[in-house]
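Here the structure comes first, spelled out in structure tokens, and everything after it is commentary.
The values are calculated or read from the model by the stated rules, or taken from the named source; none is laboratory data. Small disclaimer: the values here were computed from a predicted structure and weren't measured. Cβ placement follows ideal geometry from the backbone for every residue including glycine, while neighbour counts extend to all protein chains displayed.
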Amino acid sequence: MTKIFETPLYPYERGPDQDATAPARHPVIVVGAGPIGLAAAIDLAQHDVPVVVLDENDRVSWGSRAVCYAKRALDIFDRLGCGEPMVAHGVTWNIGKVFRDTRQIYQFDLLPEAGHKRPAFINLQQYHLEHALVARLRDLQGEGRPIELRGRNRVTGIEPAADGVRLTVDTPGGPYTLDADWLIACDGALSPVRAMLGLDFVGRVFEDNFLIADVIMDAQFPTERWFWFDPPFNRGQSALLHKQPDRVWRIDLQLGWDVDKEAEKRPENVIPRLKAMLGEDVAFELEWVSVYTFQCRRMERFRHGRVLFAGDAAHQVSPFGARGANSGVQDTDNLCWKLAMVLAGTAPDTLLDSYDAERIPAADENILNSTRATDFITPKSPVSRLFRDAVLDLSERAPFARPLVNSGRLSVPAVYDGSPLNGPDDPALPVRTRPGASAANAPVADGWLLDRLDGRFHLLTLDADAPDALVIGGIPVTRLALSSADDRSGALAARYLGEAPSAVTLIRPDQHIAARWQTYDEPSVRAAVARATARA
């Protein structure tokens, strides 16, 4: 049977730009058609920004690669119009279990409260995610949105200028030149764009190797995240097991530092390792195998004039905690509405400086958590190992020690505390929806709160009066008026009102809170919108 990743999904086609007498100019070019590049392009197209995606491949990625998608990323994919097929095909899970040897130390629930549309996590092979994103891109093209995906278009040269970027692009039909007002580099951890600009990462490279195997099998393991310290099938190392769709299971096995990576990927070496884990009588076949050495590093800045970096091109973390793709999707969620406003002339160029101001601290938080997890999982000194083993010993019988067990602090939404875009806050309102936080979903009378937030500025009023619509500096602000009668479960009041009698919340196009008050005050709202768009 032909696999999704074996078939060209966006094959090369010669286009008019290749025969133009002068380089064609586009408002935005995105380099890279992985999950981050496709998400950026879809977001921009939904803002009616013309965008061209260039990718050196012509099909979705091979192997599961990024596999775990957190609730915040799913909320973003819902806004992009492709969350439903992802969740429908993905494997939903909330429970994780941690083992030492063969003994379970403890388990955790990542979504202990009700009142959310999406689960804490789904598992879905990256090729299925990319397929859903390309399908959404095709839908937008069918609607007449200005979005284009060019396969087998490899960027080989870049010349930045004050007012844009010139690209040299190689294709099966020969090279050609393109100009862009803005370039978004989503071309992965090895980022040719970053290399061509002479830019690099700062941070740590960890001295360890892990084997990833996508295994097709029928197994009775529950739909949970299982992590082992020092299992009998991989003594002195760690292991991870995840269920994916289509009878595929993701297995990560720690190998150690001094290994022959090419030899470790050979089936004759992989299969005995898997049989030791799964049992000699378990039938399976290999779909994909890789060996990786991970890093916790980032660029010093994500914006370089008219070139903007997102996802793995901007920052890298270890895979423990599912922070790579999830943080990359949050990058584009933060960036694209700002770029759309700059292109529309409703915000100054300086609004894009807040991309660095908000996403670099988010990257640092991910790197910190990822580094701590890696240091716990792979201690590099006798003292570190002694501490790790003592924590594991205690955690089997002492609940206070279990929060210290670090098998990967799983991805959580970034909160932009201290952002220059944040406006006033009323401290009587719940802290979880403070300025800088992403809006918490809740069931309302006609569905879900976040489904009512459509990529524009909104004024959410709960039991408060306000105008139905405002235009502030050319920016429309739409009121979303709700009341206690719309609160189906009490979650809306718990997340936005607390003990206050009313609340007015200004929500940005990326569903992050910009400011909030107990009652409507027009001068303050106008000032907050100006601040949130870098016009104050």
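Of all positions in the range 494-517, none carries a residue that is at pLDDT below 95, surrounded by fewer than 18 Cβ atoms within 10 Å (Cβ to Cβ), hydrophobic (A, V, I, L, M, F, W, C) and not assigned by TED's automatic domain parsing to the domain that holds residue 46. You will find that of 531, 488, 526, the residue that is over 29 Å from the mean Cα position of the chain (by Cα) and in a helix (DSSP H, G or I) is 526 and no other. Scanning the range 73-110 for residues that are assigned to a helix (DSSP H, G or I) and of a type in the set (Lys, Arg) returns a single hit, 79. Scanning the range 39-64 for residues that are more than 18 Å from residue 145 (Cα to Cα) and buried (at least 23 other Cβ atoms within 10 Å of the Cβ) turns up 55, 60, 64. The residue pairs whose first member lies in the range 150-163 and is over 26 Å from residue 10 (Cβ atoms), whose second member is assigned to a loop (DSSP other than H, G, I, E, B), and whose beta carbons are closer than 9 Å, counting only pairs six or more residues apart or on different chains, are 160/197; 160/305; 160/306; 161/305; 161/306; 162/305; 162/306; 163/306. For residue 182, the stated conditions do not hold, so it cannot be described as part of a strand (DSSP E or B) and either more than 25 Å from the chain's Cα centre (by Cα) or under 19 Å from residue 312 (Cβ atoms) (or both). Can you spot a residue in the range 387-404 that is of a type outside the set (Lys, Arg), under 29 Å from the mean Cα position of the chain (by Cα) and under 23 Å from residue 365 (Cα atoms)? The answer is yes; a qualifying residue exists.
The condition (being part of a helix (DSSP H, G or I) and either of a type in the set (Phe, Trp, Tyr) or touching a His at 6+ places or on another chain (Cβ under 8 Å) (or both)) is satisfied by just one residue among 373, 363: 363. The number of residues in the range 63-80 that are in contact with a Leu (Cβ under 8 Å, 6 or more places away or on another chain) and at positive phi comes to 0.
Tallying residues that are in a strand (DSSP E or B) and free of Cβ contacts under 8 Å to residues at least 12 places away in the same chain within the range 122-149 yields 0. For residue 236, the conditions (1) free of Cβ contacts under 8 Å to residues at least 24 places away in the same chain; (2) touching a strand residue (DSSP E or B) at 6+ places or on another chain (Cβ under 9 Å); (3) over 26 Å from residue 378 (Cβ atoms); (4) of a type outside the set (D, E, K, R) are fulfilled apart from (3).
Among the residues examined, residue 434 does not qualify as of a type in the set (D, E, K, R), farther than 23 Å from residue 365 by Cβ and surrounded by fewer than 21 Cβ atoms within 10 Å (Cβ to Cβ). Evaluation of residue 394 against the conditions (1) in contact with a helix residue (DSSP H, G or I) (Cβ under 6 Å, 6 or more places away or on another chain); (2) crowded, with 17+ Cβ neighbours inside 10 Å; (3) closer than 30 Å to residue 256 by Cα; (4) among the aliphatic types (A, V, I, L, M) shows that the sole unmet condition is (2).
Does residue 373 satisfy the condition of being at pLDDT below 95, surrounded by 19 or more Cβ atoms within 10 Å (Cβ to Cβ) and at negative phi? Yes: the conditions hold for residue 373. On inspection, residue 504 fails the criterion of being touching a residue at least 12 places away in the same chain (Cβ under 8 Å) and outside any strand (DSSP E or B).
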